[in-house]
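Values in this text are rule-based calculations from the coordinates and carry no lab data. Keep in mind that this is a model prediction, so the values were computed, not measured. Every residue, glycine as well, gets a Cβ built from its backbone with ideal geometry; the counts of neighbours run over all protein chains shown.
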Amino acid sequence: MLIEESHQDVPTKAGGDMRVFLFKPVVPGYPKAKFPGVVVFSEIYQVTGPVQRFARQIASHGYIVAAPSSYHEFTGPAPLAYDGPGTDAGNAWKIEKEVSAYDEDAELSVSLLLSLPQSNGRVGATGMCLGGHLAYRCALDSRVSAAVCYFATDIHSRSLGKGKNDDSLQRVKDIKGELVMIFGKKDTHVPPAGRDLIRKTLHDAGIKFSFYEPEWAQHAFIRDELSKGRYDPAISGICFQMLLELFNRALRSDLGPREEDAGEPEHVC
């Protein structure tokens, strides 16, 4: 599909206007077409080239994508550089920002998508690194039907935001939609014990989720620019198909209300 790009500056209580970059699919001859929405949360560098390309890729499959700039309290909407100073600034602001402010950003982004005349009323979320954690927290909003979280940092350590004491795992039962959690087995930011904790917490809470750990993938393996040798396009492609499978099923299909007791699968050979 063709894509129309724009942005909106949304006032926040936390401070500053949050710039939300919008990527809308366009079907010539169908001006009243409606689409699901997807919030794309960025890594610590805000909405960089790789994040924009990821957003365009999703939008081209028939989704309105909103990519918010996370650090509006501290700086403008321009992306940070993939260098030492950019990394230092992003990491510092990540734990200076209040968790409630991250949640406000998510709530405003979902509300913006739902307010658009092209919206079909369904919303999902995705993101990478910091954005993977923010996509998970976005799924705490009952309006969000599905989330795909790429190598989400700080969930296992409960260390997001000011005070480094988030409640993401404690609030797991607030998630009403379906999740896909993706971590490379070689990810040094989320060690095996951390991934096991996340998986067990989701399982014990009865959340509908898939968990994928590609053997050779490292942190930031989907970033196609300055990934320090970690970009893996083949695995990235597989993971994108997982994203499309969930979003197409949960956001595009009309499945009706979910019944909690779907029964156990039959044990057959």
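Think of it as helices only: each DSSP H run of n ≥ 4 in the chain is worth -39500 (n - 2.57), and spread over all residues that comes to -9000 deg cm²/dmol at 222 nm.
Using Cα pairs closer than 8 Å and at least 6 residues apart in sequence, work out the relative contact order for the chain, in percent. Reported as a whole number, the value is 15 percent.
Under 5 Å between amide hydrogens, built in the peptide plane, is the criterion, and for Val123 it picks out Gly37, Ser145 among residues at least 5 positions away or on other chains. A simple rule links phi to the HN-Hα coupling: the Karplus curve 6.51 cos²θ - 1.76 cosθ + 1.60 with θ = phi - 60°, which for region 150-156 gives 8, 5, 5, 8, 6, 5, 5 Hz, with x for Gly and Pro.
Note on region 69-197: Cα-only Rg and Dmax are 14.8, 44 Å.
The order of the peptides 188-199, 53-64 by mean Cβ neighbours within 10 Å, most packed first, is 53-64, 188-199.
So if I take the centroid of the Cα atoms in region 21-65 and the same for region 70-123, what is the distance between those two points in Å? That distance is 15 Å. Taking a ≥ b ≥ c as the square roots of the eigenvalues of the alpha-carbon gyration tensor, the chain is classed rounded because a/c is under 1.5. Taking every Cα-Cα distance in region 155-219 and sorting them into 10 Å bins starting at zero, the pair-distance distribution P(r) comes out as 21, 49, 29, 1 percent.
Across region 29-37, computed HN-Hα scalar couplings (Karplus, 6.51 cos²θ - 1.76 cosθ + 1.60, θ = phi - 60°) run x, 10, x, 9, 4, 10, 9, x, x Hz from first to last residue, x flagging Gly and Pro. Our coupling estimate for region 127-139, obtained by passing each phi through the Karplus curve with A = 6.51, B = -1.76, C = 1.60 and θ = phi - 60°, is x, 10, 6, 3, x, x, 5, 5, 5, 4, 5, 4, 5 Hz, Gly and Pro reported as x.
Relative contact order for region 1-159: 25 percent, from Cα pairs under 8 Å spaced at least 6 residues apart, divided by residue count.
Do the alpha carbons of any pairs in Lys94/Lys173; Lys24/Lys97; Lys13/Lys94; Lys176/Lys200; Lys24/Lys208; Lys185/Lys228 sit beyond 22 Å of each other, and which pairs? Listed pairs above 22 Å: Lys94/Lys173; Lys24/Lys97; Lys24/Lys208.
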